Amino acid sequence: STPLGDAGSRRLWRLKLPCRRSMGVSFGVLAPCCRCPMVKEASSAPAPREEAMNEQAVSVEELDRWKVAARFRTPVTMLPVDILLDYGMDPFRFERQALCAFFVQMAQFLGLTERFALATSTVLGYADEVSLTYRNVPYHSFLHAFSVTQFLFTLCTTSELVSSILNEEELLAMFVASLAHDADHPGNNNAWEVATKSALAVRYSDSAVLEQHHAAVGMRIMSSDKRNMFGTLDDRAQEEARRTYFHAILATDMAVHSKMVDDIKQRSSWREQAFDRTSPADRRELTGVLLHSADISNPLLPEFALCRTWAERIKEEFWAQYNRELETGLPPTQMWASLGTNAGFYKSQVGFIDFIVQPLWNTIFEIFPDVPADGRLRESLSDNRDQWVKKSEAEAIVAATRS
């Protein structure tokens, strides 16, 4: 199959660039223009009406753009694609059904539904079934899965350097994996599963327990022809897609984070191209790097309020597990011992950025220099870190005055 970067077969419509050449329009100036019936609060202004042209409230050009964009909206959501092409999109504003429909729009926008003759009912059915497997836990919920998928969608759509490497089958497998990458997450980590000798730990021999489970949940959903996102591929392509799917999800295991960072740093230092588009192994490796990077991308969000919301939610899960460890007599996870205080929480976020997020993302910025340009990701990461540092320092002053 042809890499997405080839102009002849590419199915990406980029911000500030024309969509299909036959259309000759840009989504770059398209304003939010519809109301979604499943939005928890109004997310956009009403659609422009043709009568408005007579009042000169909307130009003919703007109305034409809106009509073209309507092609990429599902009847359920009516959300313009430029809203989805936003690193700062807030998934907490939408109902579950709307997020599933947005997944359909992303698949359409990337050209995957057309390229692989995927029925809308198949894509929506897959998203819906996957969403229902997510539990009502603070962080590892369907909201997180969608947020990661949408962040990945924005990254792959706005970066020509990234999209020029992956082919369409790999892009399909990565997005299918992204939505399912935490399916049926219990709200604790692998260490808990292993320490408690859970059924999952026994099943997967204490190795990448939850990641293997998430992948299996997604594959079980796709065992139904009506939900099989790989169903239109031939046998060889299906097998390759499955391998990419499994690889991408297993790459989200934090146990392999350090190795991943070391590997891509080495790639960027001694190879002219860190990821060779002609190498199937390199392309598959990139899907794992991208999904894992998106999985820990909360500190790169442009709004600190949303960044903090996610941080507080993961803290809630960690703190709950820490207390369960104490209650059951298991060795407690010492790095979580101070999460019950603001000082400990703020300090943990600075450490997370310094030792986990920055080493990976700074290398990605070096390999793909157009990634931070469009979304100001580097600036957002720095700004959010500064916010956590200020809060940590302020808390330290308060503690000093008390003593």
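The values are calculated or read from the model by the stated rules, or taken from the named source; none is laboratory data. Since this is a predicted model, take the numbers as computed values, not measurements. Methodologically, a virtual Cβ is constructed for each residue, glycine included, from the backbone with ideal geometry; neighbour enumeration extends over all protein chains shown. Keep in mind that these areas ignore ligands, DNA and RNA; they rest on the heavy atoms of the full protein, side chains included. Shrake-Rupley method; radii C 1.70, N 1.55, O 1.52, S 1.80 Å.
Just to be sure before I move on: is P332 open to solvent by less than 50 Å² (accessible area, probe 1.4 Å) and assigned to a helix (DSSP H, G or I) in the structure I sent?
no
Every residue in segment 188-202 that is of a type in the set (D, E, K, R) and surrounded by fewer than 13 Cβ atoms within 10 Å (Cβ to Cβ), please.
K197
State all residues of segment 183-212 that are under 19 Å from the mean Cα position of the chain (by Cα) and either over 19 Å from T333 (Cβ atoms) or at pLDDT below 95 (or both); if no residue qualifies, say none.
Residues satisfying the conditions are A183, D184, Q212.
Return the residues of segment 104-117 that are open to solvent by less than 20 Å² (accessible area, probe 1.4 Å) and part of a loop (DSSP other than H, G, I, E, B); say none if nothing qualifies.
Selection gives L110, G111, F116.
Looking at segment 236-275 only, could you name the residues that are more than 18 Å from T149 (Cα to Cα), touching a residue at least 60 places away in the same chain (Cβ under 8 Å) and open to solvent by less than 80 Å² (accessible area, probe 1.4 Å)?
Answer for segment 236-275, where residues must be more than 18 Å from T149 (Cα to Cα), touching a residue at least 60 places away in the same chain (Cβ under 8 Å) and open to solvent by less than 80 Å² (accessible area, probe 1.4 Å): A237, E240, H257, M260, V261, I264, R267, S268, A274, F275.
Within segment 118-146, can you find the residues that are free of Cβ contacts under 8 Å to residues at least 60 places away in the same chain, open to solvent by 10 Å² or more (accessible area, probe 1.4 Å) and not in a loop (DSSP other than H, G, I, E, B)?
Those that are free of Cβ contacts under 8 Å to residues at least 60 places away in the same chain, open to solvent by 10 Å² or more (accessible area, probe 1.4 Å) and not in a loop (DSSP other than H, G, I, E, B): T120, L124, D128, L132, F142, L143.
Cβ contacts < 9 Å: first residue under 21 Å from E327 (Cβ atoms) and touching a residue at least 40 places away in the same chain (Cβ under 8 Å), restricted to segment 189-206; second residue open to solvent by 80 Å² or more (accessible area, probe 1.4 Å) and in a loop (DSSP other than H, G, I, E, B), any location; separation 6+ or different chain. Result?
N190/D206; A195/P331
Could you list, in sequence order, the residues of segment 164-179 that are in a helix (DSSP H, G or I) and surrounded by fewer than 22 Cβ atoms within 10 Å (Cβ to Cβ)? If you could, list the steps in order and put the result at the bottom.
Let us first name the residues in segment 164-179 that are in a helix (DSSP H, G or I), namely 168-179.
Once the filter is applied, which keeps residues that are in a helix (DSSP H, G or I) and surrounded by fewer than 22 Cβ atoms within 10 Å (Cβ to Cβ), segment 164-179 yields E168, E169.
Only one of these conditions is not met by G375: (1) crowded, with 20+ Cβ neighbours inside 10 Å; (2) within 30 Å of S164 (Cβ to Cβ); (3) modelled with pLDDT of 95 or more. Which number is it?
(3)
Suppose we keep only residues that are over 24 Å from the mean Cα position of the chain (by Cα), charged (D, E, K, R) and within 24 Å of G88 (Cα to Cα) within segment 384-403. Which one would you say is surrounded by the fewest Cβ atoms within 10 Å (Cβ to Cβ)?
It comes out as K390.
State yes or no: is R313 within 23 Å of F153 (Cβ to Cβ), open to solvent by 60 Å² or more (accessible area, probe 1.4 Å) and not in a helix (DSSP H, G or I)?
no
Is segment 215-232 home to any residue that is assigned to a helix (DSSP H, G or I) and under 17 Å from the mean Cα position of the chain (by Cα)? If you could, list the steps in order and put the result at the bottom.
Let us first name the residues in segment 215-232 that are assigned to a helix (DSSP H, G or I), namely 215-221, 225-227.
Retained after the next criterion (residues that are under 17 Å from the mean Cα position of the chain (by Cα)): 215, 218.
Within segment 215-232, one or more residues are assigned to a helix (DSSP H, G or I) and under 17 Å from the mean Cα position of the chain (by Cα).
Hey, does segment 361-369 have a residue that's open to solvent by less than 60 Å² (accessible area, probe 1.4 Å), touching a helix residue (DSSP H, G or I) at 6+ places or on another chain (Cβ under 9 Å) and not in a helix (DSSP H, G or I)?
Yes; the residues of segment 361-369 include at least one that is open to solvent by less than 60 Å² (accessible area, probe 1.4 Å), touching a helix residue (DSSP H, G or I) at 6+ places or on another chain (Cβ under 9 Å) and not in a helix (DSSP H, G or I).
Can you tell me which residues in segment 85-132 are closer than 20 Å to M222 by Cβ and of a type in the set (K, R)?
R96, R115 - these are the residues of segment 85-132 that are closer than 20 Å to M222 by Cβ and of a type in the set (K, R).
So which of L339, L381 ends up being open to solvent by less than 50 Å² (accessible area, probe 1.4 Å) and outside any helix (DSSP H, G or I)?
Sole residue among the options that is open to solvent by less than 50 Å² (accessible area, probe 1.4 Å) and outside any helix (DSSP H, G or I): L339.
Quick check: is even one residue across segment 288-302 at pLDDT 95 or above, open to solvent by 30 Å² or more (accessible area, probe 1.4 Å), part of a helix (DSSP H, G or I) and small (G, A, S)? Step through it out loud before you land on a result.
Within segment 288-302, the subset at pLDDT 95 or above is 288-302.
Okay, now just the ones that are also open to solvent by 30 Å² or more (accessible area, probe 1.4 Å), so 302.
Subset that is part of a helix (DSSP H, G or I): none.
No: segment 288-302 contains no residue that is at pLDDT 95 or above, open to solvent by 30 Å² or more (accessible area, probe 1.4 Å), part of a helix (DSSP H, G or I) and small (G, A, S).
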